[in-house]
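Laboratory data are not the source of any read-out in this text; all were calculated from the coordinates shown. It should be emphasised that the depicted structure is a prediction, and the values quoted were computed from it without experimental measurement. Because the Cβ atoms are built from the backbone with ideal geometry, glycine has one as well, and the counts that use them run over all protein chains shown.
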Amino acid sequence: MKTVIIIPSHLGAKRLPNKPLLLIKNDPMIVHVWRQAKKTNIKEVFVATSDQEIYDVIINNGGKCILTDKNHTNGSDRIFEAVEGFDSKPDLIINVQGDMPLINPDAINYLENFMITQSAEMATLASKLELEDLDNPNVVKVETEEEISSENFSTAKDFFRKKDKRTNFLYHHVGIYAYQFQTLKKYVSLQKTQNELERSLEQMRALDNKIKIYVGFVKDYPLGVDTQEDLDKIRKIIS
């Protein structure tokens, strides 16, 4: 089975302009993410971007990068365009977010292994949800059908930023996805749903169209960079 990692990245972030190119210990953030992905068992790692500046940075660091259309509104659409250009299509695609420079390579391996052994359509990861993050709209939550641990995956019931009704099986969503190629092809052919638009969560398009998303548990949550405060924290950790 052929697996590829594709890291979607663009310069259009409103809260932190030029985010992928901001320096962490003298290297752009996107380079740190690419290096973490290269530490996995998966040999093929690409960055997919609409921006020449990101393309140049990855190529100059010895990586593989694919230029895509500027009009994509989420990572999955950008990734599908990149994969469509491959002569040989992969069986499995792992979408690693371009703003997680501390993503654990073992977590990516864990996700790939689940997808291969279970033949799942789509899967993602989650970690413990801290109490102080319960009402933080910047922290995406996932509700699962059953309790998850490092030993088992469960299917996702819902993803949200804020919700009035509490649930027993609520976790901090880790923004990494794995999908079978045919599942990604189906996903991008679907119209955006109301939940996807209202919540700004692309995974709702899959759930709303009855695509099962399995969720696995990882102990560490890789801090994503959405604000200057996040960037300052990352810089301290990586210094």
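Which shape class applies to region 97-239: rounded if a/c is under 1.5, otherwise prolate when a/b exceeds b/c and oblate if not, where a ≥ b ≥ c are the square roots of the Cα gyration tensor eigenvalues?
Details: a/c = 1.41, a/b = 1.24, b/c = 1.14.
Note, shape of region 97-239 comes out rounded.
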If one builds a Gaussian network model of the chain from Cα atoms under 10 Å apart, the most fluctuating residue listed among LYS210, LYS141, LYS186 is LYS210
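Indicate, rounded to the nearest 5 percent, the antiparallel portion of the DSSP beta bridges found entirely in the chain.
Details: 23 of 42 bridges.
Among the beta bridges of the chain, antiparallel pairing accounts for roughly 55 percent.
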Within the set TYR110, TYR171, TYR214, GNM on the chain using Cα springs under 10 Å gives the largest fluctuation to TYR110
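Considering only the other residues whose Cβ falls under 11 Å of the Cβ of GLN182, what net charge follows from Lys and Arg at +1 and Asp and Glu at -1?
Numbers: positive: LYS89, LYS185, LYS186; negative: ASP91, GLU121.
Here the count lands on +1.
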Listed by chain and number, the residues whose amide H is under 5 Å from that of ALA48, excluding neighbours fewer than 5 places away on the same chain and using placed H, are ILE7, SER9, ILE66
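Treating only the Cβ of Lys, Arg, Asp and Glu as charged (+1, +1, -1, -1), what charge dipole size does region 165-239 show about its Cα centre? Round to the nearest 20 debye.
Working: 13 positive and 9 negative charges, 74 e Å.
In debye, rounded to 20, region 165-239 gives about 360.
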Under 5 Å from the placed amide H of ILE176, counting only residues 5+ away or on other chains, we find LEU125
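Tell me the net charge near ARG205. Cut-off is 14 Å between Cβ atoms, ARG205 excluded, with +1 for each Lys or Arg and -1 for each Asp or Glu.
Details: positive: LYS185, LYS186, LYS192, ARG199, LYS210, LYS212; negative: ASP77, GLU121, ASP158, GLU196, GLU198, GLU202, ASP208.
Result for the local shell: -1.
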What the Cα atoms of region 12-125 span along the principal axes, largest first and in whole Å, is 39, 29, 28
For P(r) over Cα pairs in 10 Å bins from 0, in percent, with candidates (i) 7, 33, 40, 18, 1; (ii) 8, 33, 35, 17, 5, 2, 0, 0; (iii) 6, 24, 26, 21, 15, 6, 1, 0, the value calculated from the shown model is option (i)
With Cα springs under 10 Å, the Gaussian network model of the chain assigns the largest mean-square fluctuation among SER76, SER88, SER149 to SER88
